[in-house]
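The values are calculated or read from the model by the stated rules, or taken from the named source; none is laboratory data. Computed from a prediction, not measured in an experiment: that's the story for all the values here. Methodologically, a virtual Cβ is constructed for each residue, glycine included, from the backbone with ideal geometry; neighbour enumeration extends over all protein chains shown.
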C-alpha cells in the first residue's frame, strides 16, 4: 500500500484522486488496465483510471453524496489491489455540482441553483504560452462568463499557424514554417500534409496535465469547461486518426477529465467540416462518451452549416452555430420548441473587425443577440475577434478583451440572476414580439431589440399592481417608473436596446 | 362640335384629354356610356371615358407613338358623335413613358431609361388639408423618392381618426366624434359601424379631381403613383362594397386615371386583412383592371401576414411586406428567384419611434435595408413614423420628413444612377454574402451591412486593373483607393455600413 496516494476527505462533487505506481514496460497507455470501484450508501460506481506517464497511474472519482466511501483499485497495471476509504463533506463556495438539464428547458446545477449560462470562446487558449494562459484566466475572473468553449487539439486556421506549446501525442509535427494566410488550406477535405509522425496509442501526459490544471482553474472561477473533443482545423492529422484511435482517445479523456464537475462534452466543433466522417462515426463517438463518462456530463455537437440532429437521445442540449448571417438568437424559441432541449447559442458571430462576417459584428449587435436569446429562454455565447498587432484574438488565444459587449454581458448577468426560478420562458405576442416571463407570468421582460418604441401601452384585466422598470441594456441603467395597474402607458426614450420589466406585486 | 374641348398637340406618353357635355338625368355614372377610339399609324385603341359631374364627360388617352392620331368619341351620353385629331410630339423633360418590367428582373421606363425605384409611403396624403398636401409635394421635390404609395379611400387607423377632406362617393359618413386610440377597432373582421350612408353608384367628382391633380403633380416631379385601390383600414364601408360595386369602382378608376403614364395599380394594401374576401374576389378585381387598363400599367397586391401568390400571370412585380420582424431586404434575391419578377419591398418597417415594431426602426437600419435590397437587385421602399405633436406622420399624412434615412437614400440614388445597365444583379458568395454586379461582373458592389470588416482581400485570376472605392453608406462618402490587380487587400475602417465598389478597367 505504500505506493497509493489519495485524498482522505473530499467535498461532494469535487474530485477524489488516487495515484499509484505501476508497470512501465511496453505501452502502458494500451497494455495495462486500471479501474476503481467506489461504494457508499447511495453509490456504487466502477470508473476507469488512466496512465499519466513515468509509471504513474491515476484513478479519479466525483462523489455525489455526503457520506463515507470505500474503494478498491484493481487492474493489470499492478499485481496488487488497493483499498481505502474517504469522507465526503458538504460542498462549499461556488460548488453547486455539475450542470444538468432542469425543468422548462433551463440549465441548473445539480444542487438546484439556476445556471444562467453566459459562454465565451477561446478555442486554443491552453495551447498558448503560460503567460497568456494566466492573462486569460485573469480576464475571465473580471468578467461574467460562466462557460468557456475550448479544444483539446491544437488549431490550424487563419490567425492560428504557430505551433502549440505541447502536443497530445508522442511524435513530431510536419514542417509549418512556410504556412501563412496566403497558402492556408483547411485540411478537412484533404489529406493532411506530409511529415507528421505521431503515435496515436501514446498520449503526451504533459499536454493533458496542463489541460486539466486549466479545467480546475476554471472550476475555481465558477466557469464550466465546454471541452471540444475534436475539430477540423487541423494540419497534424488529429482529425483523421480513424475510428479505433478516436475511441482510444475518448476513453482516455473520459477517464482523465470526467471526475471534474465543470466539464461538458462537445463531440466536435463544426462536425460537418469533417468531410471524411459520417453520422455513424459521430454516433459511435457519442456511444464511447456515453459509456465511459460515469457522471453523464452535458453532451452536444456543434455545426458549421447544418445542425446535427439535436433530437438524438444522447444530446442533452442544442449547441448551435447560427446558420443565417442576419438572424440568430431571434430563433431561440423556435429551436426550443423544435428540439425540446435547452438552446445554447455557442456561435452567433463574434464582436470584432476581422474580414470574415462571422468575426466582425459590433458590441451593440453582440449585446442585442445576447438579450434576444435571454428573453427566449436560451443561452448566448460570446467571442471576440479584433485585429491585434501580435495576432492574439480572444476567440482563439484568449488574452485580454477589447470589445464593448463584455461590460453589457456583466450587466445582463445581474439581470439574469434577478430572474425568479431558473430563467425566462418565451411567450409569443403579436407581430412576432417575444416576451420572456418567469414566475407564471408575474415577472416579465419585454425586450425591444433594434426597435425604438417611444412608448408602450400595457393592459391588464386584473387589479394587481405592477412595478415597472425601464432597462437600458446598452447604457446599463435601470429606471424605476413606479407602480401601475389596469391600462397604462410607459414612455420610452425612443432609442434602441431598451427593455421593460414588469413585476406583479 | 361646339361642346368638345380637347388638346390638339400632346407629347408621347402624356395625356390627351377630351371633355364633352352630355346628359345629366338619372345617374350619369351608371346610365350612360362614353368611349373613344384612337387610331394612328401604329395604334388602334378603344378606351372608356367617365362622368366628371355637372354634365361633363371626359375621355383620356395616352399615345405611345409620335405621329398623327384621329379619334372618334361615342356613347349613350350624347346623341352626337365627336371626331378630331391631334399630333403627338417627342417626350421632353423627365417624360420617359410608363415603367415596365425590363430584362433581368429590373424596372425600366418604356423609353429604355433605367428606373431605379426608391419608394416612399404617404397612405392618405391626398385626404389631408391642401396646405399639408402642398407641403408633402415640396418635401418630395427635395428628396430622391421616385415612387409613392397612397390610397384612394380614406384611412381609419391609429393616428388616423379624423375625417378626410372629401369622400369618394355621394353620401354621409358615420359619426366618428368618439373614436380614439383607446376604442380603435379594425373593421376588417367586423361589420363597419352604423350610420354610413353612401351611394356606391355615384362617385364624388371633387374627390377624384383632387386625386388626379396629385397624380399629375407627382408625374411632374418624376414620381410614380403607386395607387392603392382598396385597403382594410376602414370605418365607412369602402372595404365591403360587394363584388359589383367594386367592379364599378375599378372601371371608373381605369377610365379616369390609366391615361397618366406614372400610375401603378396596387390591388390592395394588406389584402389578407380583408377577412371577408377570398382569393377569387381578388382575382376578379385583377381581371377588371387587366380588362380596362388599355396601357397595362404595373400591377401587384400587397400583403400583411402572407404574400399573395406573386406567380399569378397578371402580377407584374412582387409588392412585398416583410413577414419577419428581423429579416427583410436580405431575402430579396430569394424572392427574385422564387417569383422571377422584380421585387419591390413596399414595406420593410418605417423609420420612427411609435409603439409598433413596424414603425420604429432607426435611420441606420432603414438605410441598411435599402442597401441590402439594392445590391440584390430589388427596390426598397421608405416610410416614416415619428411621433408628432399634431399626429402628422409622413407614413400616412405626408408633410415633412424628420428622419435620418432620406439623406442617405438620396446618396444611394446617386450610386444607383451610376450603375451600368438597369441595375445590380445579386451573386452569392461564401457565407451568404451577396455581391451586386452589373456589366457582366465588370462592375461590382460588395456591401457589408452591419458587419465591420477591417479589411477585405480580393483575388482576380486575370490581369485586368480594378478601380476600387470605399463607400461609407451612412456618412455618404466615396473614397478612391486606387487601381489594383491580381490579389490585393483593401483596408476598411471597421465600421458598419461600408461598401466596396470595384470597376474593371
Checklist entry - For residue A:77, all conditions in the list (1) under 31 Å from the mean Cα position of the chain (by Cα); (2) at negative phi; (3) in contact (Cβ under 8 Å) with a residue 24 or more places away in the chain hold save one; what is the number of the exception? => result (1)
Checklist entry - Which number in (1) within 18 Å of the chain's Cα centre (by Cα); (2) touching a residue at least 40 places away in the same chain (Cβ under 8 Å); (3) within 14 Å of chain B (Cβ to nearest Cβ) marks the one condition that residue A:346 misses? => result (3)
Checklist entry - In region B:135-166, what residues are under 27 Å from residue B:109 (Cα atoms) and free of Cβ contacts under 8 Å to residues at least 60 places away in the same chain? => result B:138, B:142
Checklist entry - Taking into account only those residues within region A:323-343 that are out of contact with any helix residue (DSSP H, G or I) (no Cβ under 8 Å at 6 or more places or on another chain), under 30 Å from residue B:448 (Cβ atoms) and surrounded by 18 or more Cβ atoms within 10 Å (Cβ to Cβ), which is nearest to the other protein chains (Cβ to nearest Cβ)? => result A:331
Checklist outcome for this item: Exactly one of A:467, A:463 is assigned by TED's automatic domain parsing to the domain that holds residue A:494, at pLDDT below 95 and over 23 Å from residue B:359 (Cβ atoms), and that residue is A:463
Checklist entry - Within region A:452-486, how many residues are under 38 Å from the mean Cα position of the chain (by Cα), assigned to a loop (DSSP other than H, G, I, E, B) and surrounded by 15 or more Cβ atoms within 10 Å (Cβ to Cβ)? => result 5
Checklist entry - Can you spot a residue in region B:304-319 that is over 30 Å from residue A:491 (Cβ atoms), in a loop (DSSP other than H, G, I, E, B) and within 14 Å of chain A (Cβ to nearest Cβ)? => result yes
Next on the checklist: Which of the numbered conditions does residue B:241 fail, given that it passes all the others? Conditions: (1) over 17 Å from the mean Cα position of the chain (by Cα); (2) on the phi > 0 side of the Ramachandran plot.
Outcome noted: (2)
Next on the checklist: Checking residue A:308 against (1) touching a strand residue (DSSP E or B) at 6+ places or on another chain (Cβ under 9 Å); (2) within 21 Å of residue A:251 (Cα to Cα); (3) surrounded by 21 or more Cβ atoms within 10 Å (Cβ to Cβ), only one condition comes out false. Which one?
Outcome noted: (2)
Checklist entry - When the residues of region A:487-505 are filtered to those that are outside any strand (DSSP E or B) and at pLDDT 95 or above, which remaining residue is farthest from residue A:375 (Cα to Cα)? => result A:493
Next on the checklist: Please determine whether any residue of region B:398-411 is out of contact with any helix residue (DSSP H, G or I) (no Cβ under 6 Å at 6 or more places or on another chain), crowded, with 23+ Cβ neighbours inside 10 Å and within 12 Å of chain A (Cβ to nearest Cβ).
Outcome noted: no
Checklist entry - What number of residues within region B:350-360 satisfy the criterion of being facing another protein chain (nearest Cβ under 8 Å), in contact with a strand residue (DSSP E or B) (Cβ under 6 Å, 6 or more places away or on another chain) and either modelled with pLDDT of 95 or more or assigned to a helix (DSSP H, G or I) (or both)? => result 3
Checklist entry - Under the condition of being at negative phi, more than 14 Å from every other protein chain (Cβ to nearest Cβ) and part of a loop (DSSP other than H, G, I, E, B), which residue from region B:422-451 is surrounded by the fewest Cβ atoms within 10 Å (Cβ to Cβ)? => result B:442
Next on the checklist: So for region A:367-382 (the condition being assigned to a loop (DSSP other than H, G, I, E, B), free of Cβ contacts under 8 Å to residues at least 40 places away in the same chain, more than 30 Å from residue A:153 (Cβ to Cβ) and more than 13 Å from every other protein chain (Cβ to nearest Cβ)), does at least one residue qualify?
Outcome noted: no
Checklist outcome for this item: The residue from B:64, B:9 that alone is in contact with a strand residue (DSSP E or B) (Cβ under 8 Å, 6 or more places away or on another chain) and not assigned by TED's automatic domain parsing to the domain that holds residue B:253 is B:9
Next on the checklist: Just to be sure I understand the filter: pairs with C-beta atoms under 6 Å, separated by 6 or more residues or on different chains, first member in region B:246-265 and in the same structural domain as residue B:148 (by TED's automatic domain parsing), second member surrounded by fewer than 23 Cβ atoms within 10 Å (Cβ to Cβ) and modelled with pLDDT under 95. Which pairs pass?
Outcome noted: none
Item to check | Positions within region A:176-225 being closer than 30 Å to residue B:489 by Cα, surrounded by 14 or more Cβ atoms within 10 Å (Cβ to Cβ) and touching a residue at least 60 places away in the same chain (Cβ under 8 Å), in sequence order | outcome: A:186, A:188
Next on the checklist: If I go through region B:394-424 residue by residue, how many of them are closer than 30 Å to residue B:164 by Cβ and in contact (Cβ under 8 Å) with a residue 24 or more places away in the chain?
Outcome noted: 12
Checklist entry - Conditions: (1) farther than 24 Å from residue A:498 by Cβ; (2) touching a residue at least 40 places away in the same chain (Cβ under 8 Å); (3) outside any helix (DSSP H, G or I); (4) in contact with a helix residue (DSSP H, G or I) (Cβ under 9 Å, 6 or more places away or on another chain). Residue B:391 meets all but one. Number of the miss? => result (1)
